[in-house]
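Rule-based calculations on the coordinates, nothing more; no lab input. This structure is a prediction, so every number in the text was calculated from the model and none was measured. Because the Cβ atoms are built from the backbone with ideal geometry, glycine has one as well, and the counts that use them run over all protein chains shown.
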Amino acid sequence: MADFPIACNIQGDYGFKVVVVDDDDTIAEVIRKATEQIVGILVKKFPEDAKLVARIHGSDAPLSDNATIKGEKFRQMEAIDIYQEG
């Protein structure tokens, strides 16, 4: 377990924010941690039933919610996009 900075862009935001997560965190946990810090503060809240997903910036395919930062071999400051599915 180690602190791991990643760059996150959440749908509706103007740019990337650095969020420190744990390298054992799943993508679902990363989404939760990032949205707790940004949604409702810098971007408007998503609908209650919204399903948020993440993808590596520049990729078309979303990451599995169960994938881990360590398991996906993320680099520090890797950029991800978090967005509403659908």
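Roughly what percent of Cα-Cα pairs across the stretch 3-84 reach past 18 Å? Tail of the P(r) past 18 Å holds 32 percent of the pairs.
Across the chain, Cα pairs under 8 Å and at least six residues apart give a relative contact order of 40 percent.
Identify, among Ala67, Ile6, Val21, the residue whose Cα sits farthest towards the positive end of the charge dipole of the chain, taking +1 on the Cβ of Lys and Arg and -1 on the Cβ of Asp and Glu, with the dipole about the Cα centre. The residue sitting farthest along the positive end of the dipole is Ile6. Between His57 and Met1, the FRET efficiency estimated from the beta carbon spacing at R0 = 41 angstrom works out to 0.95. Between 0 and 90 degrees, the angle of helix 27-38 with respect to the longest Cα principal axis of the chain falls at about 50 degrees. Within the listed set Asp49, Asp23, Asp60, the residue fluctuating most in the Gaussian network model of the chain (springs between alpha-carbon atoms under 10 angstrom) is Asp49. Footprinting exposure proxy ranking of Glu85, Glu29, fewest other C-beta atoms within 10 angstrom first, gives Glu85, Glu29.
Under a Cβ-only charge scheme (Lys and Arg +1, Asp and Glu -1), can you give me the dipole magnitude of the stretch 3-84 about the Cα centre, in debye to the nearest 20? Don't skip to the end; give the middle numbers.
Values: 10 positive and 15 negative charges, 49 e Å.
Using only the charged Cβ atoms, the result is roughly 240 debye.
Only beta bridges with both residues in the chain are counted; by DSSP, about 70 percent of them are antiparallel.
Order of Tyr14, Tyr83 from fewest to most other C-beta atoms within 10 Å? Please list the in-between numbers first.
Details: Tyr14 7, Tyr83 18.
The fewest-first ordering by Cβ neighbours comes to Tyr14, Tyr83.
Which of the aspartates and glutamates could a cross-linker span from Lys70 if the Cα-Cα distance has to be under 19 Å and same-chain partners fewer than 8 positions apart are dropped? Output for Lys70: Asp3, Asp22, Asp23, Asp24, Asp25, Glu29, Glu78, Asp81.
Suppose only helical runs count, i.e. DSSP H with n ≥ 4. What mean residue ellipticity at 222 nm does that imply for the chain under -39500 (n - 2.57) per run, divided by all residues and rounded to the nearest 500 deg cm²/dmol? Working shown, then result.
Working: 1 runs with 12 residues, N = 86.
Calculated mean residue ellipticity at 222 nm is -4500 deg cm²/dmol.
Calculated on the Cα set of the stretch 1-44, radius of gyration then Dmax: 10.4, 32 Å. Neighbour counting of Cβ atoms within 10 Å sorts the residues Lys51, Lys33, fewest neighbours leading, into Lys51, Lys33.
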